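The values are calculated or read from the model by the stated rules, or taken from the named source; none is laboratory data. No experiment lies behind these values; they were computed from the predicted model shown. For neighbour counting, all protein chains shown are included, and Cβ atoms are generated from backbone atoms with ideal geometry for every residue, glycine included. To get the accessible areas, we keep the full protein, side chains included, count just its heavy atoms, and leave off ligands, DNA and RNA. Shrake-Rupley method; radii C 1.70, N 1.55, O 1.52, S 1.80 Å.
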Amino acid sequence: MIIEPRMRGFICLTAHPGGAAQNVKQQIEYVKSKGPINGAQKVLVIGASTGFGMSSRITSAFGSDAATIGVFFEKPPVEGKTASPGWYNSAAFEEEAHKAGLYAKSINGDAFSKEVKQQTMDLIKNDLGQVDLVIYSLASPVRQHPETGVLHRSVLKPIGNVFSNKTVDFHTGKVSEVTIQPAEGDDIENTVTVMGGEDWAMWMDALKEANLLAPGAVTVAYSYIGPSLTEPVYRKGTIGRAKDHLEATAFEITDSLKDIGGKAYVSVNKALVTQASSAIPVIPLYISLLYKIMKEEGVHEGTIEQMQRLYSERLYTGGEVPVDEKGRIRIDDWEMRDDIQEKVAALWEKATTENLAEIGDLEGYRKDFYNLFGFDYKDVDYKAEANELVGIDSIK
């Protein structure tokens, strides 16, 4: 079939397997170009199919020759309908890993569920024995609690006050004012239940209890802080409460891993175009201005540059892992540089529909968005027929 992007609001309903393969290959080439990393050899990535999770898996495999197991929840293809982008990414990753002689297997299912945890643990036990790195990179808006069966939904809302500020529709370039009503009822509790650290801790407890964590095993979850511009709706809003919980959970997991010499970290990463961030008001405008400045300064990074730097300059240097005063790894350090934030804040005041194309990088934002779904890659012929029925080697 000829596969074209079909949009509904901030969601693309189609994905291109050829573009996804190109995305994965480009990331692999980048990691290989930076040289080997003396990192973990047996790696579990929970939330492994897109964004930071996929880039973590690629960095482990092609930076450290690691065996990897990836867990994700993606929609497989059916005739005449494409899979979700993470399915095609994972298919391409496994193909490239197997070509390189690397172990790579995947599990498609709800990572919050007891069944998928058990399936993953059985696979580790049978194939790897133990893992020495667990990456936790889930980004789901909903979670069915494995104990209660209750379906919790996260919300992006400020706490206490109405929030109003600028945003942009990145499809049209129209800058407008957005107003978000504050959290009410169970909004905070639900968001923490979905996006906080409870499930991460459940994974680590289950792995430890089953003796599937190697001595000195490390686990890393991903977070974001961001600038004062987005603070009321992000870090000081409902999602911020969930991130606070996630960060507190790192200390609890570290305590529970003491007897095997293990450690849990939260890595605070850079603002990037993801399916989730595209739907957050204010963030697309902030990112388009940030990209412009960081590209001009020569310090712009995508997910693969971020993860390669996290592994090579933070986690696996051979020395102590550098953390901030709250025990977090900061790989958002270039984004949060004072000079960069001052320039972004100045541009923010000026940003209008008329001048955004000039003072921001809306084109870069759009390209990154379409790339997420396998579109807008130079070396892919989008007018040619593509086979949507791509399988993943290890998923029958």
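Our estimate of slack between E115 and E313, defined as 0.36 nm per intervening residue step minus the Cα-Cα distance, is 67.7 nm. Please find the FRET efficiency linking D338 to E363, where r is the Cβ-Cβ separation and R0 is fixed at 41 Å, and quote it to the nearest 0.05. My answer for the efficiency is 0.95. Across the range 313-324, coupling constants 3J(HN,Hα) worked out from phi with the 6.51/-1.76/1.60 Karplus curve, θ = phi - 60°, read 10, 10, 6, 10, 8, x, x, 5, 6, x, 10, 7 Hz, and Gly and Pro carry x. Within the range 109-151, the proportion of Cα pairs with more than 16 Å between them is 48 percent.
Packing, taken as the mean count of other beta carbons within 10 Å per residue, orders the peptides 337-348, 246-257 from highest to lowest as 246-257, 337-348. For the range 324-396, the fraction of 1.4 Å probe accessible surface lying on carbon and sulfur atoms is 51 percent.
Across the options G364, G391, V323, the greatest Cα extent toward the positive end of the charge dipole of the range 322-396 (unit charges at beta carbon of Lys, Arg, Asp, Glu) belongs to G391. For the range 1-92, the number of Lys pairs separated by eight or more positions or lying on different chains, with C-alpha atoms closer than 26 Å, is 6. Over the range 144-228, the hull volume per residue, using the convex hull of the C-alpha atoms, is 170 Å³. Rounded to two decimals, the Cα-based Rg/Rh of the range 130-186, with Kirkwood Rh, is 1.16.
Averaging 1/r across all pairs of distinct Cα atoms in the range 1-124 and inverting the result yields a Kirkwood radius of 15.1 Å. If you wrap the Cα atoms of the range 281-379 in a convex hull and average its projected area over all directions, you get 8.6 nm². Geometric descriptor of the range 87-171, per residue, is 197 Å³ (volume of the convex hull of the Cα atoms).
Over all projection directions, the Cα-based convex hull of the range 142-296 averages an area of 11.2 nm².
Using the Kirkwood radius built from alpha carbon pairs, what does the Stokes-Einstein equation give as D for the chain at 4 °C and 1.567 mPa s, in µm² per second? After rounding, the answer is 60 µm²/s.
Assuming charge only on the beta carbon of Lys and Arg (+1) and of Asp and Glu (-1), the dipole of the chain about its Cα centre is about 280 debye to the nearest 20.
Backbone geometry of the range 128-137 corresponds, through the Karplus equation with coefficients 6.51, -1.76 and 1.60 at θ = phi - 60°, to 3J(HN,Hα) couplings of 10, x, 8, 10, 10, 9, 10, 9, 10, 9 Hz, x marking Gly and Pro.
Close amide H contacts of A66 (hydrogens built in the peptide plane, cut-off under 5 Å, sequence separation of 5 or more or a different chain): A61. Per-peptide packing, taken as the mean over residues of other Cβ atoms within 10 Å, places 231-243, 48-60 in the sequence 48-60, 231-243 from highest down. Taking all protein chains into account, the per residue accessible area for the range 243-396 stands at 46 Å² (1.4 Å probe). In whole angstrom, how far apart do the alpha carbon centroids of the range 157-227 and the range 114-132 sit? About 26 Å separates the Cα centre of the range 157-227 from the one of the range 114-132.
Each peptide in 280-291, 300-311, 26-37, 172-183 receives the mean, over its residues, of other Cβ atoms within 10 Å, and ordering these scores from highest gives 280-291, 300-311, 26-37, 172-183.
Computed over the alpha carbons of the range 1-46, Rg followed by Dmax gives 16.0, 43 Å. Each residue of the range 186-203 was assigned a 3J(HN,Hα) from its phi angle through the Karplus expression (A = 6.51, B = -1.76, C = 1.60, θ = phi - 60°), giving 8, 3, 5, 4, 5, 5, 5, 5, 7, 10, x, x, 4, 5, 4, 4, 4, 4 Hz with x at Gly and Pro.
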